[in-house]
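Comments concern the structure below.
The values are calculated or read from the model by the stated rules, or taken from the named source; none is laboratory data. The shown structure was predicted, so the numbers you read here are calculated from the model rather than taken from an experiment. For neighbour counting, all protein chains shown are included, and Cβ atoms are generated from backbone atoms with ideal geometry for every residue, glycine included. Side chains are part of the model used for accessible areas, which takes the heavy atoms of the whole protein and leaves out ligands, DNA and RNA. Shrake-Rupley method; radii C 1.70, N 1.55, O 1.52, S 1.80 Å.
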Amino acid sequence: MIDVRPSQQMRDLGVVQHGAGILAEPARAFDLPAERDEAERITDELFAAMERIGQVHPFAKGMGIAAPQIGIARAAAVVQPPGDAPAIILLNPRITTRSEEMDEQYEGCLSFFDVRGLVPRPLKITVEATALTGETVTTVYERGLARLIHHEMDHLDGLLYTSRMRTGVDPIPVEEYRQSGRAWVYDGT
């Protein structure tokens with residue numbers, strides 16, 4: 001049996017990999033409700049990608065995917081919280097407030113799935129997003145869900161979690177991470 005690297009597995013499932021220009025560029029916002037059909041189509045593609053990925057890799061602590069990760073430079077992301085909570089659709093999201101209180105946890109990313117990195121993030125964020133009707137929806141997210149949402153929103157700004165890591169801290173190979181006992185996952189295990 002051939003051992004396939006996690007990043008190759010994600011590439012095979014249609015996830016754009018680290019180094020692709022689309023991951024380093026801000027995504028274009030939707031004009032809602034005028035672009036409702038386009039937003040719905042892209043959201044459906046994100047859900048389909050999550051379904052494909054979820055069939056080959058379990059995500060016990062939730063997962064997310066942003067449109068640039070499937071090659072679409074639009075401001076859309078979908079986050080599946082852990083458990084049976086409904087998925088969160090983010091269109092044109094922006095953080096309006098963030099707590100001063102932070103924590104640092106390991107994150108993974110479908111776009112470079114071979115490593116994990118310790119990332120400090122606020123424990124609480126307030127996010128404004130646009131509904132398909134064009135209305136603004138404001139939601140407060142805390143702890144793990146705030147981390148998941150923030151991670152996906154970074155993708156929409158052309159940022160990867162490595163840009164948020166402390167200076168001098170490098171990502172570690174996924175094999176080393178699994179042995180660390182600090183398994184906490186966002187878009188990876």
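Please go through segment 94-114 and give me each residue that is within 15 Å of the chain's Cα centre (by Cα) and not hydroxyl-bearing (Ser, Thr, Tyr), ordered by number.
Selection gives 94, 95, 105, 107, 108, 109, 110, 112, 113.
Enumerate the pairs (first residue in segment 32-45 and without any contact (Cβ under 8 Å) to a residue 40 or more places away in the chain; second residue anywhere and charged (D, E, K, R)) with beta-carbon separation below 8 Å, excluding pairs fewer than 6 apart on the same chain, so at least 6 apart or on different chains.
Every condition considered, the pairs that remain are 38/74; 42/74.
Please tell me if residue 115 is β-branched (Val, Ile, Thr) and modelled with pLDDT of 95 or more.
So residue 115 does not fit the description; no.
Quick check: anything in segment 16-27 of a type in the set (A, V, I, L, M, F, W, C) and within 15 Å of residue 87 (Cβ to Cβ)?
Among the residues of segment 16-27, not one is of a type in the set (A, V, I, L, M, F, W, C) and within 15 Å of residue 87 (Cβ to Cβ), which makes the answer no.
I want to confirm something. Restricting to segment 159-182 and keeping residues that are in contact with a Pro (Cβ under 8 Å, 6 or more places away or on another chain) and basic (Lys, Arg), which single residue is surrounded by the fewest Cβ atoms within 10 Å (Cβ to Cβ)?
Per the stated criteria, the residue is 166.
Here is a yes/no grid of residues against (1) on the phi < 0 side of the Ramachandran plot; (2) in a helix (DSSP H, G or I); (3) modelled with pLDDT of 95 or more:
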| residue | (1), (2), (3) |
| --- | --- |
| 19 | no, no, no |
| 22 | yes, yes, yes |
| 26 | yes, no, yes |
| 38 | yes, yes, yes |
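Of all residues being in contact with a Phe, Trp or Tyr (Cβ under 9 Å, 6 or more places away or on another chain) and surrounded by fewer than 21 Cβ atoms within 10 Å (Cβ to Cβ) in segment 116-129, which is farthest from residue 178 (Cα to Cα)? Just the residue, please.
For segment 116-129, the residue satisfying everything is 126.
It is to be established whether one or more residues within segment 45-53 are small (Gly, Ala, Ser), within 17 Å of the chain's Cα centre (by Cα) and either at pLDDT 90 or above or part of a strand (DSSP E or B) (or both).
Yes - at least one qualifying residue is present in segment 45-53.
Go through (1) part of a loop (DSSP other than H, G, I, E, B); (2) open to solvent by 10 Å² or more (accessible area, probe 1.4 Å); (3) in contact with a strand residue (DSSP E or B) (Cβ under 9 Å, 6 or more places away or on another chain) and name the single condition residue 105 misses.
(1)
Looking at segment 130-158 only, could you name the residues that are touching a residue at least 40 places away in the same chain (Cβ under 8 Å), aliphatic (A, V, I, L, M) and either in a strand (DSSP E or B) or crowded, with 16+ Cβ neighbours inside 10 Å (or both)?
Within segment 130-158, 132, 145, 148, 149, 153, 156 meet the criteria.
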